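Just below is one structure, and these are the notes that go with it.
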Amino acid sequence: MNKFFHSVSLIEELCSGCINCIKRCPTQAIRVRHGKACITKEFCIDCGECVRTCQNHAKVINRDFIKCLNDFEYTVALPAPSLYSQFNNINNITDINAILTAILMLGFDDVYEVAAGAEVVTAATKDYVNDHKEQWPIVSTACPSVVRLIRVRFPNLIDHLLPLHPPVEIAAAAARKRAMEKTGLSSEKIGIIFISPCSSKVAYIKEPLGMEKSSIDRAIGITDIYPLILAHLQEASLSPLDLAIAGRVGIGWGRSSGEALALETDEYLSADGIENVVHVLEDLEDEKFGDLRFIELDACSGGCVGGVLTVENPFIAKTKLKKLKEALPKRHTEEHREMSYDDLYWKVDVVYEPVFQLGDNFIESVALMNQVNNIYEKFPKLDCGICGAPTCKALAEDIVKGNANENQCIHILKQQIHEISQDATTFANDSAINNTNTPDYIARLKKYINQIAMLDNDLNREE
Ligand code: SF4
Ligand code: SF4
């Protein structure tokens, strides 16, 4: 059932089985088995929380590096708005131009700001929200992890999703068109390379939403390209090229609430950080919100500036972006605003993926859920994580799915050892006064040996 491509994976040798990550995963996708973490692929939404949590650096994001420029004849960099907030003394368009010029000095042939795509999406969103009152509150689809979360856990909210491509996709399509017109090269010879703040968008380019194939060819992390840009920044600042095309509307998207504020309405809600996002979605499912038009949700704390592939403290980055925004015109140029609205809408439906459903149909799921509840009642409900599952309920589900057994619960194991020990003591006392050379004596002795061997086996299996 693995329908999604994932950017997050595990380096097994580095994992110590400490169970820290299993508690942080918003979809309970991680188990520790045989002393190593493993990700259930169909549950993972590539939010990057486990990458942040793991102190052993055992969780990694599979992304591209600068050498991918060699794969193409002509390359265009797509810097995310959050990139600008990683540098100090970034105050105006001239400073943005210096960053963009430094990117060209790394070997890119052109650069196209994702913020420019964000301005196009803002204009289209305004129209869509006004024209689709029946869908209010409309939920932003700019954060791929949030959309995946809704697809696997909140099927009732799918109808609220804004059916527009995210800014990076719009920028990629515009950048490719401009490159083809400029060079006369065919599309395959042009590489559109996104400079990404997060694991979620790295996964997105392989598994886009609302379309079969993304226009983005590669994704490099901000964290990898940042030191390379920094090395050229001083030189680039001496004579920056006039490359910037976006203004404050698009650049504001790099921080939480930026997308919603750009819509110029007070009837919005924005939340950031994956735990807050889950709470908002639960409340939205329970119809707890009143007359809201729009909901912006960002999986990362602070918005994209808090992405796991950024280098700056997200709170400092947020402040820098706010300051920069205030110094910019609403839009810098009109160049990118010619795109037809038809190009902006999803062409493929985004549907519910029932990965958490226990059975193949409703009746089977209810029967299996009853089994889960019966097993759960036996557990101490401490959610200690020692079994390798994040909660007692998750272990009960694993058992029903045939992926675990009750003895993985250390408390149940302790109880069993206690019972065998008591039984064996009584038996030993009886044997001292009775004849030990009988079939009954030998059978009971064998039973204890088997029980102890099974417990030993269960203990060793989970070490
Ligand atoms: S946090 Fe997770 S991946 Fe990292 S060492 Fe602990 S169990 Fe392994
Ligand atoms: S990336 Fe997020 S959803 Fe995936 S395993 Fe890590 S914490 Fe869980």
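Here is how the numbers come out for the structure above:
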{"quantity": "Segment 129-140: number of residues that are open to solvent by 20 Å² or more (accessible area, probe 1.4 Å) and in a helix (DSSP H, G or I)", "calculated": "5"}
{"quantity": "Flag if A219 is open to solvent by less than 40 Å² (accessible area, probe 1.4 Å) and assigned to a helix (DSSP H, G or I)", "calculated": "no"}
{"quantity": "Number of positions in segment 233-266 that are in contact with an Asp or Glu (Cβ under 8 Å, 6 or more places away or on another chain) and either open to solvent by 80 Å² or more (accessible area, probe 1.4 Å) or not assigned by TED's automatic domain parsing to the domain that holds K325 (or both)", "calculated": "1"}
{"quantity": "Test result for I99, away from ligand 2 (no atom under 15 Å from the Cβ), modelled with pLDDT of 95 or more, of a type in the set (V, I, T) and in the same structural domain as V249 (by TED's automatic domain parsing)", "calculated": "yes"}
{"quantity": "Looking only at segment 283-300, and only at residues there that are outside any loop (DSSP other than H, G, I, E, B), at pLDDT 95 or above and out of contact with any His (no Cβ under 9 Å at 6 or more places or on another chain), the one that is most open to solvent (accessible area, probe 1.4 Å)", "calculated": "D298"}
{"quantity": "Neighbours by Cβ (under 6 Å, 6+ apart or cross-chain): first from segment 243-265, among the hydroxyl-bearing types (S, T, Y); second open to solvent by 30 Å² or more (accessible area, probe 1.4 Å) and modelled with pLDDT of 90 or more", "calculated": "S256/S270; S256/D272; S257/S270; T265/R293"}
{"quantity": "Some residue of segment 112-128 being of a type in the set (A, V, I, L, M), within 16 Å of ligand 2 (Cβ to nearest atom) and in the same structural domain as T319 (by TED's automatic domain parsing)", "calculated": "no"}
{"quantity": "For S7: the one exception among (1) of a type in the set (S, T, N, Q); (2) in contact (Cβ under 8 Å) with a residue 60 or more places away in the chain; (3) within 15 Å of ligand 1 (Cβ to nearest atom)", "calculated": "(3)"}
{"quantity": "Output for segment 51-88, where each listed residue is within 19 Å of the chain's Cα centre (by Cα), within 16 Å of ligand 1 (Cβ to nearest atom) and open to solvent by 20 Å² or more (accessible area, probe 1.4 Å)", "calculated": "V51, R52, T53, C54, Q55, H57, V60, N62"}
{"quantity": "Which listed residue, of V311, V351, is at pLDDT 90 or above and within 28 Å of the chain's Cα centre (by Cα)", "calculated": "V311"}
{"quantity": "Among the candidates N62, N20, N89, residue that is touching a residue at least 40 places away in the same chain (Cβ under 8 Å) and either within 30 Å of I245 (Cα to Cα) or within 16 Å of ligand 2 (Cβ to nearest atom) (or both)", "calculated": "N62"}
{"quantity": "Any hit, segment 135-149, residues being modelled with pLDDT of 95 or more and over 27 Å from the mean Cα position of the chain (by Cα)", "calculated": "no"}
{"quantity": "Options D71, D46: the member that is acidic (D, E), under 30 Å from Y112 (Cα atoms) and either within 14 Å of ligand 2 (Cβ to nearest atom) or at pLDDT below 95 (or both)", "calculated": "D46"}
{"quantity": "Candidates Y74, Y112, filtered to the one that is closer than 26 Å to S237 by Cα, of a type outside the set (G, A, S) and in contact with a Ser or Thr (Cβ under 8 Å, 6 or more places away or on another chain)", "calculated": "Y74"}
{"quantity": "Extreme residue, modelled with the lowest pLDDT, among residues of segment 3-41 that are within 22 Å of P354 (Cβ to Cβ) and open to solvent by 80 Å² or more (accessible area, probe 1.4 Å)", "calculated": "K3"}
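Quick grid of which residues meet (1) assigned to a loop (DSSP other than H, G, I, E, B); (2) in contact with a His (Cβ under 9 Å, 6 or more places away or on another chain); (3) not basic (K, R):
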| residue | (1), (2), (3) |
| --- | --- |
| D360 | yes, no, yes |
| L395 | no, no, yes |
| H418 | no, no, yes |
| A424 | no, no, yes |
| K446 | no, no, no |
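Rundown of residues vs (1) in contact with a strand residue (DSSP E or B) (Cβ under 7 Å, 6 or more places away or on another chain); (2) within 17 Å of F5 (Cβ to Cβ), yes/no style:
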| residue | (1), (2) |
| --- | --- |
| L161 | yes, no |
| A174 | no, no |
| E181 | no, no |
| S186 | no, no |
| I192 | yes, no |
| K201 | yes, yes |
| Y204 | no, yes |
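The values are calculated or read from the model by the stated rules, or taken from the named source; none is laboratory data. Quick caveat, the model's predicted, so the values are computed rather than measured. Neighbour counts are summed over all protein chains in view; Cβ atoms, including those assigned to glycine, are modelled from backbone coordinates with ideal geometry. The accessibility values were calculated without ligands, DNA or RNA, using every heavy atom of the protein model including side chains. Shrake-Rupley method; radii C 1.70, N 1.55, O 1.52, S 1.80 Å.
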